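Here's the structure, in structure tokens; my notes come after.
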Amino acid sequence: MQSFNKIILVGRLTADPEVRYAPSGNAVATFRMAVNRRPRTSPTGERVEETDFFRVVVFSQRLVDFVSSYLTKGRLVLVEGEMRMNRWKNELGESRTSYEVVAFNVNPLDRKPREESLEEEIDLNEVLGDEEDSSNDEPPY
């Protein structure tokens, strides 16, 4: 049986993206995003809103360039990717686990704030390219 791992998130960046470089020299962008759950009603009748936070990692060079150039804290984005689990032992030998989304596609869903907007319109297909990038098979670090 074939496996399937795909996640689609819509939310806002909680901070500006960070770019770091792997030992191979490849750039890796990371950012955190907040995703609101559907509101629910508590037993007392109050409307309760909950938010989940996700760490997103980008390995594709063209996507790293786009994310680092055009996305900032507060921007609304749609992220497509896969969920990955990382396991390691800390300096005390205790097992640790973290989860992250490895993004294949990141699209802004809002416009840049007016003071940050560019004089010319940005064609996302030109910046990102039309083909899907499959260079996300690199290890995260």
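Computed extension gain for Asn105 through Glu49, at 0.36 nm per residue and net of the alpha carbon distance, reaches 17.4 nm. From the alpha carbon centroid of region 1-23 to that of region 33-57 is 19 Å.
Check the straight Cα-Cα distances from Lys112 and name the lysines below 24 Å, setting aside those fewer than 8 residues away within the same chain. Result set, ordered by chain and number: Lys73. Straightening the chain between Leu78 and Asn90 buys 1.0 nm, computed as 0.36 nm per residue apart minus the Cα-Cα spacing. A cut-off of 5 Å between modelled amide H atoms, ignoring neighbours fewer than 5 places along the same chain, links Asp16 with Lys73.
Quick note: the coordinates plus some simple rules give every number you see, no bench work behind them. Computed from a predicted structure; not experimentally measured.
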